[in-house]
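Reviewing the structure listed below.
Each reported figure results from applying straightforward, stated rules to the coordinates on display, with no laboratory input. Quick caveat, the model's predicted, so the values are computed rather than measured. Because the Cβ atoms are built from the backbone with ideal geometry, glycine has one as well, and the counts that use them run over all protein chains shown.
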Amino acid sequence: MEIWVTLERGKWITSPDPATVPRGTNITWRFRSNSIAANAVRWSVLFASGSPFGSPEFQLSVTTEQEKDGQHTGATDPQPASDPGDYKYSVRAEDAKEKKEIGQDDPRLIVLG
């Protein structure tokens, strides 16, 4: 399954939200923005209070470089969701050079047993 995360002019759109998958499904997060002025953006997915990936805390991140048309696009490596449950997690964007947060959102992921 792909979860698409778009950040446009400060507004987050995560699709689907909530994402619902059967246990064992590989999940990839895809990031996109046309409105971030930073040359490099670090996108993070953080599960701080339990995760479906075999550890109570889990984080993925990918850094994107601004493309010629001003877009930032990138994706995480796929991760298999192994632990059923209803998980709230954070997606964040930060200026990779300045280490300043651009924004964050808190979507949900439901893993069925």
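Give me the Å³ per residue figure for the convex hull around the C-alpha atoms of region 40-91.
Per-residue hull volume (Cα only) is 79 Å³.
Quick check: pseudo-label points 7 Å beyond the Cα along Cα→Cβ at S15 and L112, how many nm apart are they?
The modelled label-to-label distance comes out at 2.2 nm.
Can you tell me the convex hull volume per residue for the chain, based on C-alpha atoms, in Å³ to the nearest whole number? Let's see the in-between values first.
Working: hull volume 9.6 nm³, N = 113.
Taking only Cα atoms, the chain has a hull volume of 85 Å³ per residue.
Out of the GluC sites (Glu not before Pro) in region 1-92, which ones are loop residues according to DSSP with at most 10 other C-beta atoms within 10 Å?
Hits after loop and neighbour filter: E67.
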